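Visitor: I have a structure I would like to understand better, so I am pasting it below and will then ask my questions one at a time.
The values are calculated or read from the model by the stated rules, or taken from the named source; none is laboratory data. What you are looking at is a predicted structure, and each value in this text was computed from that prediction instead of being measured. Here the Cβ is made from the backbone with ideal geometry for all residues, glycine too, and neighbour counts use every protein chain on show. Just the protein is used for accessible areas: all its heavy atoms, side chains included, with ligands, DNA and RNA removed. Shrake-Rupley method; radii C 1.70, N 1.55, O 1.52, S 1.80 Å.
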Amino acid sequence: MNAPVKTDNAELIVPDGVFAETVLSVTHYTDHLFRFRMTRPAGFRFRSGEFAMIGLMVDGKPIYRAYSIASPAWDEELEFFSIKVPDGPLTQHLQRIQPGDKVLMRKKPTGTLVLDALTPGKRLYMFSTGTGIAPFASLIRDPETYEKFEEVILTHTCRDVAELKYGFDLVEEIKNHEFLAELVGDKLKHYATVTREDYPFKGRITDLIENGKMFTDLGVPPLDPAIDRGMICGSTAMLKDTKALLEKAGLTEGANNKPAEFVIERAFVG
Ligand code: A2P
């Protein structure tokens, strides 16, 4: 049995199979979005793109939700990007965490947005909306992504410009990173679009694929199953619509035990 730790002002015995980690920093982007970093338990292994169950003790009971790990597999710390839902069972509490607080994490990570679930290709698209960028924040900081693909295109669509900031900061961080900058070079393209505010790149990613504007803007040819691979993370509706477009282009959906041309996973909500 582990030693008691304090989470949300309650003394608890951390059950077997659960880590209690210390919050290191919290960054608030908008009224609805924030990021936090916490300690990584010794021996905790995951593949870039996977998610873990993250939780807090609330009124003496643990509440967990699935969270993509936004940091890459090599990072000594763990990063998460979250929405804030005013009455969300977990996020109404999680949005108030401060450095030094404890956050629970179940020991077993899992997920389909991993490089192993894709067959070899040349260009990797990562299509995200909202907090769906989180697994890709991990993958675009993993050298293996650039070993396996010649070109990596991260698309991020949000309602407002302010919601894009996490993605812009991330790409800036990569450009200035002492090891990643050289390794990534100009292989990474960031395509950020907005749907409910004026912005040079406007529209849902599905519309921009369908009308061809995404390809023109990026200077790349249309989707080709021989070359292109995809990963999709967003709302249920976004997954369904984007998946339909990739299938129309001839790409087939893969999984951990059956790698193919694209994989999907629902972004965290609630
Ligand atoms: P829109 O503003 O046109 O609804 P949400 O916060 O609702 O998850 O939306 C995040 C972003 O995803 C928004 O820019 C939203 O566009 C977009 N979006 C919502 N549904 C879809 C869909 N079915 N396909 C593509 N993009 C979508």
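Visitor: Cut-off 10 angstrom, C-alpha nodes, Gaussian network model of the chain. Which of Ala237, Ala42, Ala66 fluctuates the most?
Guide: Maximum among the listed residues: Ala42.
Visitor: Among Lys165, Lys122, Lys61, determine the one that fluctuates most according to a GNM of the chain built with springs between C-alpha atoms less than 10 Å apart.
Guide: Its mean-square fluctuation being the largest, the pick is Lys61.
Visitor: Show Phe268, Phe136 ordered by accessible area, largest first, where the area counts protein heavy atoms only and the probe is 1.4 Å.
Guide: Phe268, Phe136
Visitor: Which entries in the list Lys107/Lys202; Lys122/Lys165; Lys202/Lys240; Lys122/Lys240; Lys61/Lys243; Lys108/Lys202 go over 32 Å, if you measure between the two C-alpha atoms of each?
Guide: The answer is Lys107/Lys202; Lys61/Lys243; Lys108/Lys202.
Visitor: Sequence-distant or interchain residues sharing an amide H contact under 5 Å with Phe51, placed H: which?
Guide: So Phe51 has HN proximity to Ile69, Thr110, Gly111.
Visitor: Name the residues whose placed amide hydrogens come within less than 5 Å of the amide hydrogen of Lys189, ignoring near sequence neighbours (fewer than 5 apart) on the same chain.
Guide: So Lys189 has HN proximity to Val152, Ile153, Leu154.
Visitor: For the chain, set up a GNM with springs between Cα atoms under 10 Å and report which of Tyr191, Tyr199, Tyr166 has the largest fluctuation.
Guide: Between Tyr191, Tyr199, Tyr166, it is Tyr199 that shows the largest mean-square fluctuation.
Visitor: For region 52-103, which GluC sites (Glu not before Pro) pass both filters: DSSP loop (anything but H, G, I, E, B) and at most 11 other C-beta atoms within 10 Å?
Guide: The qualifying sites are Glu76.
Visitor: Another one. Say each of Asp16 and Ala255 gets a label point 7 Å from the Cα, pointing the same way as Cα to Cβ; how far apart are those two points in nm?
Guide: It works out to 3.0 nm between the two label points.
Visitor: Please list, in order along region 129-143, the HN-Hα scalar couplings obtained from phi with the Karplus expression 6.51 cos²θ - 1.76 cosθ + 1.60 (θ = phi - 60°), rounded to whole Hz, x for Gly and Pro.
Guide: Rounded to whole hertz, the list is 10, x, 6, x, 6, 3, x, 7, 4, 6, 5, 6, 9, 9, x.
Visitor: Compute the angle between helix 236-248 and the longest alpha-carbon principal axis of the chain, please, reported from 0 to 90 degrees and rounded to the nearest 10.
Guide: The angle comes out at about 30 degrees.
Visitor: Step through the residues of region 67-79 one at a time and calculate ³J(HN,Hα) from phi using the Karplus curve (6.51 cos²θ - 1.76 cosθ + 1.60, θ = phi - 60°), rounding each to whole Hz and writing x for Gly and Pro.
Guide: Computed from phi, the couplings for region 67-79 are 10, 5, 7, 8, 8, x, 4, 8, 6, 6, 10, 10, 10 Hz.
Visitor: Between 0 and 90 degrees, rounded to the nearest ten: what's the tilt of helix 165-175 against the longest Cα principal axis of the chain?
Guide: 80 degrees
Visitor: Now a separate question. Which part of region 231-270 falls in the paramagnetic zone of Arg204, meaning amide N under 12 Å from the point 7 Å along Cα-to-beta-carbon?
Guide: Flagged as within label range: 235-245.
Visitor: When the helix-only estimate is applied to the chain (DSSP H runs of n ≥ 4, each -39,500 (n - 2.57), divided by the residue count), what is the mean residue ellipticity at 222 nm, nearest 500 deg cm²/dmol?
Guide: Theoretical 222 nm ellipticity from helices: -5500 deg cm²/dmol.
Visitor: Also: What accessible surface, in Å², does a 1.4 Å probe find on Tyr146, ignoring ligands, DNA and RNA and rounding to the nearest 10?
Guide: Solvent-accessible area, nearest 10 Å²: 10 Å².
Visitor: Can you list which of the GluC sites (Glu not before Pro) found in region 142-194 are DSSP loop residues with at most 13 other C-beta atoms within 10 Å?
Guide: Glu150, Glu178
Visitor: I'm checking a number: the convex hull volume of the Cα atoms of the chain, normalised per residue, in Å³. What is it?
Guide: Considering the Cα atoms of the chain, their hull volume per residue is 125 Å³.
Visitor: Report the net charge of residues surrounding Val220, where surrounding means a beta-carbon distance below 14 angstrom and charges are Lys +1, Arg +1, Asp -1, Glu -1.
Guide: 0
Visitor: Something else now. Region 31-62: which trypsin sites (Lys or Arg not before Pro) are DSSP loop and have at most 15 other beta-carbon atoms within 10 angstrom?
Guide: Of the trypsin sites (Lys or Arg not before Pro), the ones in loops of region 31-62 whose Cβ has at most 15 other Cβ atoms within 10 Å are Arg45.
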